[in-house]
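The values are calculated or read from the model by the stated rules, or taken from the named source; none is laboratory data. On a predicted model such as this, the values are computed, not experimentally measured, just so you know. FYI the Cβ positions are ideal-geometry reconstructions off the backbone, even for glycines, and counts take in every protein chain you see.
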Amino acid sequence: MWTHDPRDDDDRRDERSADPRDREREESRERDHVDPRDVFQQGLALPRGREREPVYLDRDRFDLRGSEVRTLATIGAFRVVPVDELRDDRGRDGDLGRGDLERLRSAGLIRAVAPFDRDGERTTLVTLTDRGRELLEEHRRPEYEPRQAFYAGEIRERELSHDAQVYAAYRQAAERLMEHDVHIHRIVLEHELRREYQQFLQERNRDRPDSDGRPGRDQREIEAWAREHDLPYFDDRVHFPDARIEYESPDGRRDIENIEVTTAHYRGAHAAAKAKAGFSQFKARGSRVGGGSSGGGTPFDPEIAEEFLE
């Protein structure tokens with residue numbers, strides 16, 4: 001049964017007290033600018049509008065609105081996202097203590113992962129819970145292709161500082177692409193590309209008890225696989241981007257853009273290989289996970305940083 005949430009009253013009071021001209025300008029921007037985050041709602045039979053609608057998962061009911069679904073899908077698509085790069089239904093910076101993120105966290109659909117220092121500023125990283133991922137998976141439109149993959153906490157602690165910046169790189173690339181009226185279908189993370197590659201390597205070993213586990217492919221087959229998947233092959237190996245954007249041009253042509261987040265550790269042969277691969281490169285901001293902030297940010301909060309992913 002639906003229960004009254006007094007926080008919804010706060011939202012309605014804020015909307016009534018807001019300058020009508022601000023609301024008009026906001027709606028105009030929404031009409032003129034397609035938000036790259038909307039990509040991840042495609043193929044989901046879930047609310048899109050401002051009003052809350054009931055969404056069921058097993059015996060549980062969640063009253064969600066479009067901005068909350070967009071946030072869930074965005075976090076799921078990238079595995080981990082800094083909260084201040086997310087926006088609520090009124091365009092405010094994400095905040096675990098209020099708005100969409102607070103409601104999603106209270107409902108058990110997202111969780112905090114770790115404090116994140118970026119250029120001396122403190123934020124928090126969030127990921128989906130298993131329940132949050134189940135909600136997205138259970139409400140897919142079966143006819144929609146290609147399917148956007150969603151993740152729940154599948155990341156290692158040592159990768160957090162790097163992977164937390166892939167979403168920002170996507171936003172930059174997507175906004176540039178959308179200036180040319182392309183339609184973005186989905187994002188594919190390095191994790192997914194590598195998993196498909198490993199399945200290809202081990203395909204001939206499947207269901208063979210005598211297999212020694214070595215890849216059952218020669219270099220010519222591997223190079224052909226790389227070409228078929230639009231991945232560079234040189235120095236006897238396949239090179240993978242941090243993420244791939246799949247999109248469609250106005251003339252119907254399908255294309256991709258491979259993106260790479262570069263850090264201060266990209267040096268020597270490693271940096272040269274990334275440059276040779278031809279990926280669109282985005283420089284990562286100085287960042288680290290956990291610890292104190294050199295910029296005087298808020299202190300470590302154990303309730304916000306519930307746990308590191310393993």
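Key figures for this structure:
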{"quantity": "Lone unmet requirement of (1) surrounded by fewer than 15 Cβ atoms within 10 Å (Cβ to Cβ); (2) in a loop (DSSP other than H, G, I, E, B) for residue 255", "calculated": "(2)"}
{"quantity": "Qualifying residue in the stretch 226-240 (condition: of a type in the set (Lys, Arg), surrounded by 14 or more Cβ atoms within 10 Å (Cβ to Cβ) and modelled with pLDDT under 95)", "calculated": "no"}
{"quantity": "Residues of the stretch 70-111 classified as modelled with pLDDT under 95, of a type in the set (Gly, Ala, Ser) and not in a loop (DSSP other than H, G, I, E, B), total", "calculated": "1"}
{"quantity": "All helices (runs of 4 or more DSSP H) inside the stretch 154-219 with 3 or more residues being free of Cβ contacts under 8 Å to residues at least 24 places away in the same chain and outside the structural domain of residue 118 (by TED's automatic domain parsing)", "calculated": "190-202"}
{"quantity": "Residue 77 more than 21 Å from residue 169 (Cα to Cα), in contact (Cβ under 8 Å) with a residue 40 or more places away in the chain and among the hydrophobic types (A, V, I, L, M, F, W, C)", "calculated": "no"}
{"quantity": "Neighbours by Cβ (under 9 Å, 6+ apart or cross-chain): first from the stretch 100-120, closer than 18 Å to residue 152 by Cβ; second among the hydroxyl-bearing types (Ser, Thr, Tyr) and assigned to a loop (DSSP other than H, G, I, E, B)", "calculated": "108/129; 109/129; 110/129; 111/129"}
{"quantity": "Search result, residues across the stretch 21-47 that are exposed (fewer than 14 other Cβ atoms within 10 Å of the Cβ) and either at pLDDT 50 or above or of a type in the set (Lys, Arg) (or both)", "calculated": "21, 23, 25, 29, 31, 45"}
